[in-house]
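Report on the following structure.
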Amino acid sequence: MKKPWLLLLLVLLAVMVVPALDPAHASAATTLKVFAAASLDKAFPAEAGAFKATHPKYKNVKFSFEFLGTDVLVAQIINEPAAADVFAGASTAYGDTLANHVDGSSNPDPLIQPYVKFCQNKLCVVLPKGNLAGIASLADVASKSTQIAVGQASVPIGKYTNTVLTNIAADANYGAAYKTTIQSKSIYLQNVASIDGVVAFGGVDAGFVYNSDYKQLIPYGVTRVVIPDTYQTSPLPTYPLARTTHTTHPVLAQKFVNFVYGKSGQKILKAWGFLPKPKPPVTP
């Protein structure tokens, strides 16, 4: 039979150890690393603030954000799987890249958990304050611009822009020359935040960005040319969100994912100009 003082000691040790294993108690020293597409650089800090406000036990958690082109974020996670706790991209193609990743022996090695499609977007053309080029239509973007900012082909905004230009060029009212003219006047930037910056400070005559970016640029006097739905991508730009497989904070990371995907998180995204998450397909 164990001695009473030994049993008491074991109980005290258990009381000390259990809180240390509970993520709710460990939250004060926790930093959640979020890798997110550049277009989320305003919405996600707002999401983090609202998450902490509605989850008191996580109020001391620190959020560390990396806002870059989705292609760069994916490359970082592939090279260092534990670099991020949460991944939020601007294209499901990159979510698929991480979810279907294989190791050096061609064995399945998913780097994120199954992702959710948490919001969508559309493209538009933004014009700097003053609009010195006098652009008032899509036709003017090609005919009156001397320099246009677009995303590099490797990033989602660049790929989406290329599709939109192809769709416009397929319309007989514009023709194939429309796309080639835009391309001849384009400067190619590494992410949408870079396009936002150069337009905001009047470095170009126009830029192809997301509608959510336009909303963020309004304080800079930026205006826009709306791109009709008939020329938008199909499906619309869709954003994947997931916790990473190698996160050291799986419970916290999943709670944040759930929050962004949920009703409160969706309201914040809407306030920043994003479209709602896509409706799930109807099964027959």
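Here, each number is a calculation from the coordinates, and none is a lab measurement. Quick caveat: nothing in here was measured; it's all calculated off a predicted structure. A quick note on method: Cβ atoms are made from the backbone with ideal geometry, for glycine too, and the neighbour counts reach across all protein chains shown.
Things worth noting here:
- Using a Gaussian network model of the chain in which every pair of alpha carbons under 10 angstrom is joined by a spring, one finds that among ILE268, ILE157, ILE148 the greatest mean-square fluctuation is at ILE268.
- For region 53-156, projected area of the alpha-carbon convex hull averaged over all directions, nm²: 10.8
- Across region 123-231, the volume of the C-alpha convex hull divided among the residues equals 83 Å³ per residue.
- For the listed peptides 108-116, 37-45, a ranking on the average number of other beta carbons within 10 Å per residue, highest first, reads 37-45, 108-116.
- Spin-label model, GLN152/SER64: points 7 Å from Cα along the beta carbon direction are separated by 2.4 nm.
- Assuming charge only on the beta carbon of Lys and Arg (+1) and of Asp and Glu (-1), the dipole of region 52-145 about its Cα centre is about 700 debye to the nearest 20.
- Once C-alpha pairs closer than 8 Å and six or more residues apart are averaged by separation and normalised to the residue number of region 41-151, the relative contact order reads 12 percent.
- Each Lys and Arg adds +1 at its Cβ and each Asp and Glu adds -1 at its Cβ; summed about the Cα centre, region 178-284 shows a dipole of about 440 debye.
- When the Cα positions of ASN107, ALA84, ILE157 are compared along the charge dipole of the chain, ALA84 comes out farthest toward the positive end, with charges on each C-beta of Lys, Arg, Asp and Glu.
- For region 184-193, the Karplus equation 6.51 cos²θ - 1.76 cosθ + 1.60, evaluated at θ = phi - 60°, returns couplings of 5, 10, 8, 10, 9, 10, 6, 6, 5, 5 Hz by residue, with Gly and Pro reported as x.
- Normalised Debye scattering of the chain at q = 0.07, 0.08, 0.12, 0.13 Å⁻¹ gives log10 I(q)/I(0) of -0.33, -0.41, -0.80, -0.90, counting only Cα atoms as equal scatterers and leaving out solvent.
- Simple rule: put +1 on each Lys or Arg Cβ and -1 on each Asp or Glu Cβ in the chain, find the dipole, and look at GLN216, PRO56, VAL34; the Cα lying farthest toward the positive end is PRO56.
- For LYS62, the lysines whose Cα comes closer than 19 Å to its Cα, not counting residues fewer than 8 places off in the same chain, are LYS33, LYS42, LYS52, LYS255.
- In this rough spin-label picture, where each label sits 7 Å from Cα along the Cβ direction, the ASN258-VAL226 distance is 3.9 nm.
- Largest-first principal axis extents, alpha carbons of region 240-284, Å: 35, 33, 14
- Basic side chains Lys and Arg get +1 at the Cβ, acidic Asp and Glu get -1 at the Cβ, and with that the dipole of the chain about its Cα centre reaches some 1000 debye.
- Relative contact order for the chain: 26 percent, from Cα pairs under 8 Å spaced at least 6 residues apart, divided by residue count.
- Partners of LYS185 within straight-line reach, counting lysines whose Cα lies under 27 Å from its Cα and excluding those fewer than 8 residues away in the same chain: LYS122, LYS129, LYS144, LYS159, LYS215.
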